[in-house]
Number of protein chains: 2
Amino acid sequence: MTEGHGDDIYRYGASAVRYNFSSNILCGVDHTPLMRHLASCSEAVTNYPEPVPAALERQLAHEAGVEPDCVTVTNGATEAIYLIAGAMEGMTSAVLQPTFSEYADACTLYRHHIVNCMSLHDIPAEAAVVWICNPGNPCGRVIDKAVLDGLVTRRGDAVFVIDQAYADYTILPVMTAAEAVDYDNVILLNSLTKRFSVPGLRIGYATGAAALLDRMRARRMPWSVNGPAIEAARFLLGRKQEYAIDARTMHEEALRLSDGLRRLGVAVEPTDCNFMLCCLPEGSSRSLKEWLIERHGILIRDASNFYGLTPAHFRVAVQGRQADDILINAVGQWMSLSL
Amino acid sequence: MTEGHGDDIYRYGASAVRYNFSSNILCGVDHTPLMRHLASCSEAVTNYPEPVPAALERQLAHEAGVEPDCVTVTNGATEAIYLIAGAMEGMTSAVLQPTFSEYADACTLYRHHIVNCMSLHDIPAEAAVVWICNPGNPCGRVIDKAVLDGLVTRRGDAVFVIDQAYADYTILPVMTAAEAVDYDNVILLNSLTKRFSVPGLRIGYATGAAALLDRMRARRMPWSVNGPAIEAARFLLGRKQEYAIDARTMHEEALRLSDGLRRLGVAVEPTDCNFMLCCLPEGSSRSLKEWLIERHGILIRDASNFYGLTPAHFRVAVQGRQADDILINAVGQWMSLSL
C-alpha cells in the first residue's frame, strides 16, 4: 500500500509536529557531518550511480563477514520485499501478523496464496514462504532465538524472509548474517533506516545464501538506489561508532513509558524494543491522533490498519524522558476529556 | 539488464575520466546551488519521504498544464518502464530498435511476447504495447511528429509508451503532455536526468490519461523515490530558466563533430540531438574504448550491445568544441595506429 504507513509527518508539515512518536526511529541524531559530506559529493548527482550498488554490497558483506554475493542492496528493504515476492510468484506465503503491511501487499501483487498467522504455531505445512518481522512491528517483541532457529531448521522446505529492521533496537539476540547464509532457506532483511536514523534515504539490504539471493537479483532493475543514498550509506558505515545505539537505555525508557500509559488505563503490550503497541480502553486512536497533533503537536501511529488490530490500537516509540512525559500527560488529558 | 549501460564511469573512477563522451547528458552544469540546497534539507534524510511523491506530481502536472492524476513520478523512468511492463504482463510488445535495453528487459521479466522492429512500418498488427524512444537512443533521431501522431491515432488499440528522455536535446517538435493525456493510449516517459543533468538522483515521471496510469500505479511500492531526490526535483523545477538547454547550439556542434569523425572514415548516422551513433570502418569499439580511456582519459559508449548493432558501433555526445576536437584527434590517432 502507498498510504496508511507510520510517520505520515508529510501530511501535517514538519513544523506542526513537535514530538514525533509515530516513527519507531531514533530521534535527535545529529546528521550535520552526513549532510556536509553529501554537499561535497556533487558526482553523486552528476554521474549515474552504479547500476547495482556493488561497492556498497562489498562493504556490507565485509562488515558482516560473508561473501559479497551474499548481500544485495535495495531501495529500502521494501524493494527487497517486492523482489522476493516476485521471485516466489504464486506460492503460498505465511505472514506472521500483525506486521508491516508490505509483505502481504507484495504477495498480493504477485498472486501468492496468503495465510495470515497470529503465532508461529499457525504456520501451515504448505507454506513455501514465511514472512516474519523480528523484532516485530508494531509490538516490538523478539522471538526466542532457539525457537526461530529450530523452526527454520525443521521447515527446510520453506524460505524464511526475516525482516530485522529493528534489530539494533533490542539487546536480545537475533540471527546473524553468517547464520542466515549458512541456512539455505533464509533471507534476512536489514536497513540503514533504523540503524542510522535515515528513513529518507531508502537503503535496505538482503543477506542470505547466494543461490537464494540470485532469484531476487534476476528481477532487479538498474539504478534503483540513487547516488546520494549510496554515498550516504558508505559514509555512515565508516562511522558506525558515532551512531552507536543504546538499546538498553531505550528499552528501560520504553518500560517507563509503558508503565505511565498503563497507569492511565491504556493496555500496553510487552516490548523488547523502544516502541510499543497500545490499546485505548475506549475511543479511537484516530480521534486521539487528531487531537494530539492539533493540541500538542504530538504525532502518534494510528495502528488500526494493522491486520488483526482494532480502531483502539496505536503505536508509539520513546522520544526521551521529557517528551515521553509530555505524551503521557497529553494522553491522560484526552482520556479525561472523552470520559 | 544491470550491466552494459552507458556512462560506466564508476568502472574507471571519476579521476581517470577527463572527458566523458559516454553519457548523452550535458556536461559542465554548475550544481553548486543544488548541492547547497540539499545540504540544508536534513529533513529529507531524517523523515520518511511521502509514500508516493504527490507534491512533486502536482508540481509537474501544473507545469505541464494537466490534471495531477495524469502524472506519476517514479524512481527514474526505469521504474515506470518496469511498472508498465508489469501492468501489461504477457502481452505482445513491439520495441522500436535499436534502443534503450530496459524496455525489452522489463518485457522479458513480465513474459511479454517481444517483437523487435527496425522501423515503424514493422510494428505488427497484434502489438498491444509499442515502445518508442523519441528522440531515439543511440541514434538521436526524432520521428516526424505528424507521422507519430498518425500512428498513435490509427492504432488506438495499442498502448504507446513514448520515452521522451531526450526531448530537451532537440529543437524538433515532440508530443506534449497535454496531447498525451488527450490520447487514451499514450504514456509519455520523461526524466529530470537529462533536463537538469542529474542522472545520480533518479527522478522520472510518466504522463498520460489517468485511467492508463492507474494500471501502473496499482503496482507501485511505497517510498520508491527518496527524500533527497524529491527535494532536488522540487528545487530544480523552481529554477528552470537557470537550467535552460541550448539545443540548437548543441546540435550545431553535433553536426561539426559528426563531420570531423566522418572525415576520419567513421560512419556517423544523422542526428537531431547532441549525441550520435558511429560505426568504425574496422576494428572494434571495445578496443577503441579501452585505448581512449587509457591513453587520453576519454570515455565513450561502446554501442555494440544495442539490439541490431555491431562490434564496430559506438556512441558519443558533444562535450564542447575543445573537448570534441580532442576526441576527433584521439580517434584519428587510434585509427592510424591500427591500420
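Give the dimensionless ratio obtained when the Cα radius of gyration of the range A:6-148 is divided by 2.2 N^0.38 Å. Mind showing how you got there, number by number?
Values: Rg = 19.0 Å, N = 143, 2.2 N^0.38 = 14.5 Å.
It is 1.31.
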Next on the checklist: Taking a point 7 Å out from Cα toward Cβ as the label site, list the nm distances between A:H62 and the same residue in every other copy, smallest first.
Outcome noted: 4.6
Checklist outcome for this item: If each part is reduced to its alpha-carbon centroid, the range B:286-316 and the range A:200-254 end up apart, in Å, by 35 Å
Checklist entry - What residues qualify as long-range amide H neighbours of A:N226, i.e. H under 5 Å apart, gap of 5 or more or another chain, H built at 1.01 Å from N? => result none
Checklist entry - Of the heavy-atom accessible surface of chain B (probe 1.4 angstrom), what whole percent is carbon and sulfur? => result 51 percent
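Roughly what % antiparallel, to the nearest 5, for the DSSP beta bridges in the range B:94-208? Let's see the in-between values first.
Working: 5 of 19 bridges.
Within the range B:94-208, antiparallel bridges account for around 25 percent of the total.
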Checklist entry - Put a point 7 Å out from Cα along the line to Cβ at A:R234; what are the distances to that point in the other copies, in nm, shortest first? => result 2.9
Item to check | chain A: angle of helix A:145-154 to the longest principal axis, Cα-based, in degrees nearest 10 | outcome: 40 degrees
Checklist entry - Once phi is turned into θ = phi - 60°, what whole-Hz ³J(HN,Hα) does the Karplus curve with 6.51, -1.76 and 1.60 give for every residue of the range B:187-193, x standing for Gly and Pro? => result 10, 8, 10, 9, 8, 7, 3
Next on the checklist: So the label point sits 7 Å from Cα along the Cα-to-Cβ vector; using that for A:E294, what distances do you get to the other copies, in nanometres, sorted shortest first?
Outcome noted: 7.3
Checklist entry - When chain B is modelled as a GNM with alpha-carbon springs shorter than 10 Å, which of B:R262, B:R234, B:R154 fluctuates the most? => result B:R154
Next on the checklist: Through the Karplus equation 6.51 cos²θ - 1.76 cosθ + 1.60, θ set to phi - 60°, convert the phi angles of the range A:292-307 into ³J(HN,Hα) values in whole Hz; use x for Gly and Pro.
Outcome noted: 5, 6, 5, 8, 10, x, 9, 9, 10, 9, 5, 9, 5, 8, 6, 3
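For a 26 Å ceiling on Cα separation, which of these pairs sit above it: A:K194/A:K289; B:K194/B:K289; A:K194/B:K240; B:K145/B:K289? Walk me through the intermediate numbers first.
Values: A:K194/A:K289 23 Å; B:K194/B:K289 23 Å; A:K194/B:K240 36 Å; B:K145/B:K289 35 Å.
Exceeds cut-off: A:K194/B:K240; B:K145/B:K289.
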Checklist entry - What angle, in degrees between 0 and 90 and rounded to the nearest 10, separates the Cα long axis of helix B:76-87 from the longest principal axis of the Cα atoms of chain B? => result 60 degrees
Checklist entry - Taking chain B as a Gaussian network, where each spring joins two C-alpha atoms under 10 Å apart, which residue of B:K145, B:K194, B:K289 fluctuates the most? => result B:K145
Checklist outcome for this item: Spelling it out for A:H113: with amide H atoms placed in the peptide plane at 1.01 Å from N, the residues 5 or more places away or on another chain with amide H under 5 Å from its amide H are A:M91, A:T92, A:S93
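Write down the percent of antiparallel bridges among all DSSP beta bridges whose residues are both part of the range A:66-146, to the nearest 5.
Numbers: 0 of 8 bridges.
Taking every DSSP beta bridge with both residues in the range A:66-146, the antiparallel ones total about 0 percent.
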Item to check | 5 angstrom amide H check on B:V159, placed H, neighbours 5+ away | outcome: B:V129, B:V130
Checklist entry - With a Cα-only, solvent-free Debye model of chain A, what are the log10 I(q)/I(0) values at q = 0.10, 0.11 Å⁻¹? => result -0.60, -0.73
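When 1/r is averaged over all different Cα pairs and the result inverted, which Kirkwood radius in Å belongs to the range B:190-285? The partial results should precede the final answer.
Numbers: mean 1/r = 0.0594 Å⁻¹.
Computed over Cα pairs of the range B:190-285, the Kirkwood hydrodynamic radius comes out at 16.8 Å.
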Item to check | Crossing angle, helix A:54-64 versus chain A [Cα axis fit, 0-90 degrees, rounded to tens] | outcome: 70 degrees
Checklist entry - What residues in the range B:24-63 lose 40 Å² or more of accessible surface when the other protein chains are added to their chain alone (1.4 Å probe)? => result B:M35, B:A39, B:V45, B:T46, B:N47, B:Y48, B:P51
Checklist entry - Hey, what's chain A come to in accessible area per residue, 1.4 Å probe, Å²? => result 37 Å²
Next on the checklist: Cut-off 10 angstrom, C-alpha nodes, Gaussian network model of chain A. Which of A:T271, A:T176, A:T74 fluctuates the most?
Outcome noted: A:T176
Checklist entry - Taking accessible area as the heavy-atom solvent-accessible surface of the protein chains with a 1.4 Å probe, which residues of the range B:192-234 lose no less than 30 Å² upon going from the isolated chain to the full protein assembly? => result B:P199, B:G200, B:L201, B:R202, B:R219, B:M221, B:P222, B:W223, B:N226, B:P228
Checklist entry - Scattering from the C-alpha atoms of the protein assembly as shown alone, worked out with Debye: what is log10 I(q)/I(0) at q = 0.05, 0.06 1/Å? => result -0.25, -0.36
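In Å² (nearest 100), what accessible area is buried between A and B, both sides summed, heavy protein atoms only, 1.4 Å probe?
On the way: alone 14830 and 14840 Å², together 25230 Å².
Roughly 4400 Å².
As an exercise, take the mean of 1/r over every pair of distinct alpha carbons in the range B:254-331, invert it, and state the Kirkwood radius in angstroms. The partial results should precede the final answer.
Numbers: mean 1/r = 0.0809 Å⁻¹.
Every distinct Cα pair counted, the radius reaches 12.4 Å.
How many percent of DSSP beta bridges within the protein assembly as shown run antiparallel, rounded to 5?
Values: 37 of 75 bridges.
Counting DSSP beta bridges with both partners in the protein assembly as shown, the antiparallel share is about 50 percent.
The values are calculated or read from the model by the stated rules, or taken from the named source; none is laboratory data. Here the structure is a predicted model, which is why all the values come from computation and not from measurement. Don't worry about glycine lacking a Cβ; one is built from the backbone with ideal geometry, like all the others, and counts go over all protein chains shown. Accessible surface is based on the protein model in full, side chains and every heavy atom, while ligands, DNA and RNA are left aside. Shrake-Rupley method; radii C 1.70, N 1.55, O 1.52, S 1.80 Å.
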